[in-house]
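One structure below.
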């Protein structure tokens, strides 16, 4: 996995002082790196009967769509508030300073479907937990959550207790 880590740019003090941002755009532009990242996210779920992959805005769209294509599953978007055109359901979650909301179309998941949730980053776990809640509210079964990167010190996996997690890179 050092091959993947070497393709990720580290940007200090972004988006604010004291934050080290892991910029995956340098990984995505590299054909071999992008393929390796998608292979690493996909392999554990091949032949698992996943019906739908849910990608979380916005880098989760890129990774999740590629994973869905590889495992021959449908793809569903989870977006920030007000971005989806049809009837939606909403989940609100806590941020460090306030709250935020995510939405999914009401008809995105059918009851009983096996769902894989994909995002680029597991940090505090709030976004992922909110997304899993949306899937469950629609009757879907969260098979697993897959992340390219986990920031271990932020303990996000604690908010996802009881879920199957797959993480490619840990920092």
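We did not get these values from a lab; they are worked out from the coordinates using the rules stated. Owing to the predicted nature of the structure, the values given are computational and were not obtained by experimental measurement. As a convention, Cβ positions derive from the backbone with ideal geometry for all residues, glycine included, and neighbour counts pool all protein chains shown.
A Gaussian network model of the chain, with springs between Cα atoms under 10 Å, assigns the largest mean-square fluctuation among 103, 150, 161 to 161. Rounded to the nearest 500, the 222 nm mean residue ellipticity of the chain from helices alone is -7500 deg cm²/dmol, with -39,500 (n - 2.57) taken per DSSP H run of at least 4 residues.
Looking at the chain alone, DSSP beta bridges between its own residues are antiparallel in about 40 percent of cases. Taking each residue as 0.36 nm, the span from residue 86 to residue 29 lengthens on full extension beyond its C-alpha to C-alpha distance by 17.3 nm. Packing, taken as the mean count of other beta carbons within 10 Å per residue, orders the peptides 42-54, 21-33 from highest to lowest as 42-54, 21-33.
Separation of region 75-120 and region 16-63 by C-alpha centroid, Å? Spelled out, the Cα-based centre of one part sits 18 Å from the other. For the options 80, 159, 16, a Gaussian network treatment of the chain with springs between C-alpha atoms closer than 10 Å singles out 16 as fluctuating the most.
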